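Working notes for the structure below.
The values are calculated or read from the model by the stated rules, or taken from the named source; none is laboratory data. Model, not experiment: these values are computed from the prediction. For neighbour counting, all protein chains shown are included, and Cβ atoms are generated from backbone atoms with ideal geometry for every residue, glycine included.
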Amino acid sequence: MLKDAYDLSFYEFDEERDPKVYGVLLCDVVHGRPPMKPAYMGIGWYWYYHGVRYGAARLCLPTTHGWDSRFINGYPYITAIRTTPEEAEAREPIFRERIKPFLENFDGVWDPLKADLLKTYKAARESRGLKEWDDIKKLSNDELLSFFLDFVYVINRKEGETHFIMLMAAYYISGLFQEMWRSMFGKEAGIDPKFHRLMSGFESMDVSFTRELWQLGRKAVELGLEQAFKTTEDAKVLDALKATEAGRKWSAAYHEFLLEHGWRADRQHAYDFPTWIEKPSVGIARIKVLMSEPIFPFDAHRERVNRERQEAEKDVLAKVPEGQRAAFGLLMKAAQKGGYWSEDHGYYCDLAVGAMGRWIITEFGRRFAEAGCIDDPEDVHYLHPNEIRKAAIPMGRINLRPYVERRKSAHKRNLEIEPAPFYGDISQAQDIVRSDPTLSVSTQIPIVREELKADLYGAAAAPGVVEGVARVIMSPDQLYQVQPGEIVVAPGTSSSWTVVFSVIKGLVSDGGGALSHPVIMAREFGVPCVSGCVEGTQKIKTGQRIRVDGDQGVVYILDK
Amino acid sequence: MAEKWLYWLEDLGRGQNDLVGKKCANLGEMAKVGLPVPHGFALSLDAYNLFMNLAGAYDEMRSCIERPETSLESITGINELSHSLRRIVESKPMPAEMAATILLHYQQLCDRCCALDVAVSTRSAGAASHPGQYETHLNVKGDADLLDKIKKVWSSSFNPTSLSFRKQKGLPLESDPIGVAVLKMVNARSAGIIFTADPNTGDIGRMIIEANWGLGESVVGGESMPDTYVVDKKTFEVVERRLGTKLKCVLPMEQGVVEQETSKDKSCSFCLSDEELAEIAKVGIRLETHFGQPQDVEWAIDSDLSFPHNVILLQTRNEVMAKKKDPVDQLLDLMVTRFVKA
């Protein structure tokens, strides 16, 4: 029997056949919680799954054709489409040629692709005369539909393909580096603090972005505007600023910042979260947190982190037999660049394309609601491109409610469901993840070490041991609840969480491999972190005292 | 056919590659100049031929090769032929006169070592050096075991790789005479390799010593990451010292050997003392000087003997310097080995 996936037949799960054919399907705990809404699943998320296969084909990965993916009860499950041994043999020589440029000069591949993406986004806006968020309201229905189609079938596709060819190369390189690490040093890279030191200290766009926010905060202090930021309601801060000359000056600078960098929402991989340019008060909350810091937290640690990295580099290379040193050094550099890319690409890929999608889709939501096709503008998130195409031009003549209703109630049911971690035979998970190192983006198999008698086992993502009060955060709209000095427990984190790293004491995440966002940011900010615990958000409750051991990669619940 | 087909090592020398195979000739050369090699004797290439003829193996193998169902066009075909040929060789009893000669020398070896049924290794010695192609048997004990293992070394000249190599080169399939070295086993505490010049960089000013606990097979096989020392050949100073993971080591059992996981305290400590290192390095330089070019040497530390007599040499040969491979290609090879062939 096929399980419904909001009418997206390519995601429907065949309970009998799929586990048999693929061995096991693993829940994507990193991206899948809380459950996505149908519109995003069919557009943005689709192009990522497409990207994985495109990347596998372009790089001619020997062991996999990319992932296959299903949605079960609203949660994403993934597995590898493994090649046959004959295919692997035939693909291998081509793979060697195609992966080579990434090993030789990772940035040399990424920089032009990045520039091309930025150009594409810019052209999409400027060719339609759009600058401000509200400018999209000026487009006719035809123009808006044309923008939508460009976005769905050209721009988003381009982003997905670029994104995944880079990601797959980065993960193959990192995967090899981690394998070599294990055979040379006899320790899993994921639980080796030295490995993490090696990967630290590279400033991604995400960090630069947060630094600009901090500078805006410091500017507000300089201008004597601190008082205006003292109110609890972020929207009121902006109102208060309008009252003074200095306040207006600051607001203008903030607006300029948003026009450049505000194309992002706090939840990636969704269209139902406001972007910063659309709702400037979102950024105010972050500026509040940062403005009292006399030194930008990343910069405070930067010197130490860089020094430790350089020491680790020297130390590691000295331990490598001389015959392998040149190759290992090259691999280490490529792996570092790949790790840095992993953190950097969010700005150019996920965030930018997500914001553009939200821009167009919420505008359709507004028009459909106004024209009586749906009851609430937010209902647009239950529609698929075909239905938007159906109703865009005969605006007001199509009733979209039947589509919305059945998917909305299904989504509501799914919100109550705790996803099963896998379907099929879990003993095959290791083999499947090994056949495709990129699966570790979204899946996690904890390294259990009984002798440590811990409550949770994960990866030693950022060194240090801390004890403190846990705060379980299931989605970014709960970020405001975080109190300074707490330990955040989350399913995963994305770039939008960067700002809380400057106030928290520790981090525990359910998902996240060595290149995932929480891991990298925790290292940058010197916050002890255990990632990939799988069940952290299930086992830990807000308010409990926990000990996070970022050296060993384990978590202890102290008051059970 | 030569009358004599068995020689004590010390009666052999460098010029006798074609007689007894390179390994035995070099062992003989080392013994002759007073370098520490184990007691032992060598069966010449003629011994191989003599056995095959007396036992009637050649005729039987030729008819097996000529059978219409024999095919060397597929890997399965080659494997099947290899299996059949090896079975023919190994099923033949050692001809009585050969057995008598071999066992007489074995008895004398036992007497020299003051032991009953002394443990030996039987090692192949090809006329041209083909490392790893033929078999070595370790910790062989007693008359029956010895005769059996000598036949096994001979029959290993019919392994699939050698068969397809001979087919490619148009050489006769049914014969590739090799010598056999029968050496007293070293009760190795640690063992390994010396490269008297750095094979990776071609630097002749320094030598590389790799070592693991137990017998040298774990180092030669390249599966366990050994300890590595880089020694300056002028000053005998250890300029680099890297602790290997040494996850596994090879140890003797009652008969034969076993590969097992190294205990934690052993895998975390170096397996050679500084004075042993210096002695090994000195021996390496003597070898290089004597043979006139960089050597690739197998050695072992015998725990039954005291320093400096405990450094025993098991083999030397001219070192093959690696052509420098581009690091990117090295990585691509690794990537393919790890992700595709794993």
Output for the range B:39-57, where each listed residue is over 19 Å from B:Thr136 (Cα atoms) and aliphatic (A, V, I, L, M): B:Leu50, B:Met52, B:Leu54, B:Ala55, B:Ala57
Residue that is at positive phi and outside the structural domain of B:Glu29 (by TED's automatic domain parsing), where the choices are B:Gly202, B:Gly216: B:Gly202
Considering residues of the range B:296-322 that are among the hydrophobic types (A, V, I, L, M, F, W, C) and exposed (fewer than 14 other Cβ atoms within 10 Å of the Cβ) only, the residue farthest from the chain's Cα centre (by Cα): B:Phe307
Candidate set from the range A:166-184 (those that are among the hydrophobic types (A, V, I, L, M, F, W, C) and over 30 Å from A:Asp116 (Cα atoms)); member that is farthest from the other protein chains (Cβ to nearest Cβ): A:Trp181
All positions within the range A:185-218 that are within 15 Å of A:Trp341 (Cα to Cα) and either of a type in the set (Gly, Ala, Ser) or within 14 Å of another protein chain (Cβ to nearest Cβ) (or both): A:Ser200, A:Gly201, A:Ser204, A:Ser208
Residue within the range B:105-126 that is within 13 Å of B:Phe158 (Cβ to Cβ) and out of contact with any strand residue (DSSP E or B) (no Cβ under 6 Å at 6 or more places or on another chain) present: yes
Any chance B:Ser71 is more than 25 Å from the chain's Cα centre (by Cα) and farther than 15 Å from B:Asp145 by Cα: yes
Residue pairs meeting the criteria (Cβ under 6 Å; at least 6 apart or on separate chains; first more than 12 Å from every other protein chain (Cβ to nearest Cβ) and within 17 Å of A:Gln336 (Cβ to Cβ), in the range A:312-325; second in a helix (DSSP H, G or I) and not acidic (Asp, Glu)): A:Ala312/A:Lys194; A:Ala312/A:Arg197; A:Ala312/A:Leu198
Any hit, the range A:356-374, residues being within 30 Å of A:Gly217 (Cβ to Cβ), modelled with pLDDT under 95 and away from every other protein chain (no Cβ under 14 Å): no
Residue check, B:Leu81 surrounded by 19 or more Cβ atoms within 10 Å (Cβ to Cβ) and either within 25 Å of B:Val257 (Cβ to Cβ) or touching a Leu at 6+ places or on another chain (Cβ under 7 Å) (or both): yes
Check on A:Tyr423, under 24 Å from A:Arg267 (Cβ atoms), at pLDDT below 95 and either more than 25 Å from the chain's Cα centre (by Cα) or of a type in the set (Phe, Trp, Tyr) (or both): no
Tabulated pairs, the range B:227-252, first closer than 26 Å to B:Ser121 by Cα, second aromatic (Phe, Trp, Tyr) and crowded, with 18+ Cβ neighbours inside 10 Å, C-beta under 8 angstrom, 6+ apart or interchain: B:Lys246/B:Trp213; B:Cys249/B:Trp213
Residues of the range A:445-458 that turn out to be within 23 Å of A:Val30 (Cα to Cα) and either modelled with pLDDT of 80 or more or in contact with a His (Cβ under 9 Å, 6 or more places away or on another chain) (or both), as a count: 5
The range A:248-278: number of residues that are of a type in the set (Lys, Arg) and within 21 Å of the chain's Cα centre (by Cα): 2
Residues located in the range A:380-417, provided they are outside any helix (DSSP H, G or I) and over 17 Å from A:Asp4 (Cα atoms): A:Ile393, A:Pro394, A:Met395, A:Gly396, A:Arg397, A:Ile398, A:Asn399, A:Leu400
Residue check, A:Asp299 under 21 Å from the mean Cα position of the chain (by Cα), of a type in the set (D, E, K, R) and either more than 14 Å from chain B (Cβ to nearest Cβ) or surrounded by 17 or more Cβ atoms within 10 Å (Cβ to Cβ) (or both): no
Single match in B:Ser162, B:Ser157, B:Ser121 (criterion: surrounded by 20 or more Cβ atoms within 10 Å (Cβ to Cβ), assigned to a helix (DSSP H, G or I), in contact with a Gly (Cβ under 9 Å, 6 or more places away or on another chain) and in the same structural domain as B:Gly40 (by TED's automatic domain parsing)): B:Ser157
Selection from the range B:235-279 of residues that are under 23 Å from A:Trp181 (Cα atoms) and either part of a loop (DSSP other than H, G, I, E, B) or of a type in the set (Val, Ile, Thr) (or both): B:Leu243, B:Gly244, B:Thr245, B:Lys246, B:Leu247, B:Thr262, B:Ser263, B:Cys268, B:Ser269, B:Phe270, B:Cys271
Leading residue by the ranking (nearest to the other protein chains (Cβ to nearest Cβ)) among those in the range B:229-242 that are of a type in the set (A, V, I, L, M) and crowded, with 16+ Cβ neighbours inside 10 Å: B:Val230
Residue within the range B:280-295 that is under 17 Å from the mean Cα position of the chain (by Cα) and assigned to a strand (DSSP E or B) present: yes
Of all residues making up the range A:519-541, the number that are of a type in the set (S, T, N, Q) and surrounded by 24 or more Cβ atoms within 10 Å (Cβ to Cβ): 1
